[in-house]
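Read the figures in this text as sums done on the coordinates, not as results from a lab. The model shown is predicted, which means the values in this text are computed figures rather than measured ones. Reconstructed Cβ throughout: ideal geometry from the backbone, glycine too, with neighbour counts over all protein chains shown.
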Amino acid sequence: MTKRNKFLWGVIAMLIISNIALFAIGFFKSPHAHLPPKLHPRMMIETRLDLTPSQKDRYEKLVDEHREVLRPAKQELNNLKLEFYNSLKSTSGVIDPFFYKEKILSAQWNIEMIHYSHLEDLRKLCNEEQLENFDELIDESKNIFGNFQRPPRDDRSSGQE
């Protein structure tokens, strides 16, 4: 073999090794490794608002109270949804879905009002300096609490049917 052939085989071998290494890195690396770790909403709120130790204590009590009020409201919503979908099993006649619509909407509205009241109480904990950060948190609440979803995509508008 000539020097040129040896050089070309060396380059090819290096390219193959680098491709295998890149594939291994991409395969074994977590898809979210480049993202900063997501803080629990409670920790994020405490950090972003820079709560004092006494505020943190009061906030902990607010969170505990919030969970106590929220638990039965969520259970009510889940029970209504379960009852609604179980009505499909009924052979006794037609079930009016609008009967459940009002009940489910009312239960969901109750949950939203519980969240709203909790945030009102949190706002009352804040001093003047923290209120600006609180307002920013409200603007970013979809990212913090993760409860907001994009509406479903309408496939008809994209020409797919």
Checklist entry - Based on the Kirkwood radius over alpha-carbon pairs, what is the Stokes-Einstein translational diffusion coefficient of region 41-146 at 20 °C with 1.002 mPa s viscosity, in µm²/s? => result 134 µm²/s
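If neighbour count is taken as other Cβ atoms inside 10 Å, put SER92, SER106, SER141, SER54 in order from fewest to most. Present the calculation step by step, with values, prior to reporting the outcome.
Details: SER92 6, SER106 12, SER141 15, SER54 9.
Lowest count first: SER92, SER54, SER106, SER141.
Sort PHE134, PHE98 by Cβ crowding within 10 Å, fewest neighbours at the top. Provide the component values of the computation, followed by the final result.
Details: PHE134 17, PHE98 8.
The most exposed by this proxy come first: PHE98, PHE134.
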Checklist entry - Ranking ILE111, ILE20 by Cβ neighbours within 10 Å, fewest first, what do you get? => result ILE20, ILE111
Checklist entry - Could you give me the ³J(HN,Hα) list for region 75-89, computed from phi with Karplus coefficients 6.51, -1.76, 1.60 and θ = phi - 60°, whole Hz, x at Gly and Pro? => result 5, 4, 4, 4, 5, 5, 5, 4, 4, 4, 6, 5, 5, 5, 7
Next on the checklist: Using a 7 Å offset from the Cα along the Cα-to-Cβ direction at both SER117 and GLU140, what is the distance between the two label points in nm, to one decimal?
Outcome noted: 2.8 nm
Checklist outcome for this item: Given a Förster distance of 30 Å, the FRET efficiency implied by the Cβ-Cβ spacing of ASN127 and LYS74, rounded to the nearest 0.05, works out to 0.40
Checklist entry - Modelled label-to-label distance, THR2 and ARG48, 7 Å Cα→beta-carbon offset: nm? => result 6.7 nm
